[in-house]
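**Student:** Can you keep this structure in mind? I'll have questions shortly.
Any read-out appearing in this document is the output of simple, stated calculations on the displayed coordinates, not a laboratory observation. If you're wondering where the values come from, they're calculated on a predicted model, not measured in any experiment. Positions of Cβ are backbone-derived with ideal geometry, glycine not excepted, and every protein chain shown enters the neighbour counts.
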Amino acid sequence: MARYTPPHQGKFGQIIDVLVLLILIIGALRVPLWLDLAGGAKTPAPFNPTATWADLGQDTPEKIAAYNALGFDNPDNEALQNIITARYDYTINYLELMVMIIVVIGYFFLIIKFSGEEYKEVIAEKFGDRK
């Protein structure tokens, strides 16, 4: 039986493959940011200039020491209050959920279809066309 040798891909094809993958990866990371879909904490509480550590729920010395180590000495810092009081939005957008389900299922079937075709091609190359 002949030893299988895969088809050769030139350097230009490899460069195109790398560029396409790079574009897809950057797109997968950036598109949610552009569509404002990333990050759950979007609604911090209003700024309170007279807030104390206890008002912010930071009632133990360990928590206060941790914020002090990060450079937040006083609880009246607006950036600090935004970090502490921002709450995650757990509401479900059903349209986005349905689009995501359709995309994942579509991707699954696409991979199955392409993998099946490639598998048949490899078998045909290795063992001949046995229809």
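**Student:** Can you give me the span-like helices of the chain, meaning DSSP H runs with 30 Å or more of Cα extent along the axis and Kyte-Doolittle mean at or above 0.5?
**Tutor:** Passing helices, by number: 11-34, 94-127.
**Student:** Consider the candidate values (1) 31, 13, 11; (2) 26, 18, 11; (3) 55, 19, 14; state which one is semi-axes √(5λ) of the Cα gyration tensor in Å computed from the structure displayed.
**Tutor:** Recomputing semi-axes √(5λ) of the Cα gyration tensor in Å here picks out (3).
**Student:** Multiply the residue separation of residue 38 and residue 100 by 0.36 nm, subtract the distance between their alpha-carbon atoms, and state the gained length in nm to one decimal.
**Tutor:** Here the segment from residue 38 to residue 100 would lengthen by 20.9 nm.
**Student:** Hey, with R₀ at 35 Å, roughly what FRET efficiency would residue 66 and residue 21 work out to, going by the Cβ-Cβ distance, to 0.05?
**Tutor:** With R0 = 35 Å, the Cβ-Cβ based efficiency is 0.30.
**Student:** Once the Cβ-Cβ distance between residue 109 and residue 29 is put in as r, and R0 is 25 Å, what FRET efficiency do you end up with, to the nearest 0.05?
**Tutor:** My answer for the efficiency is 0.50.
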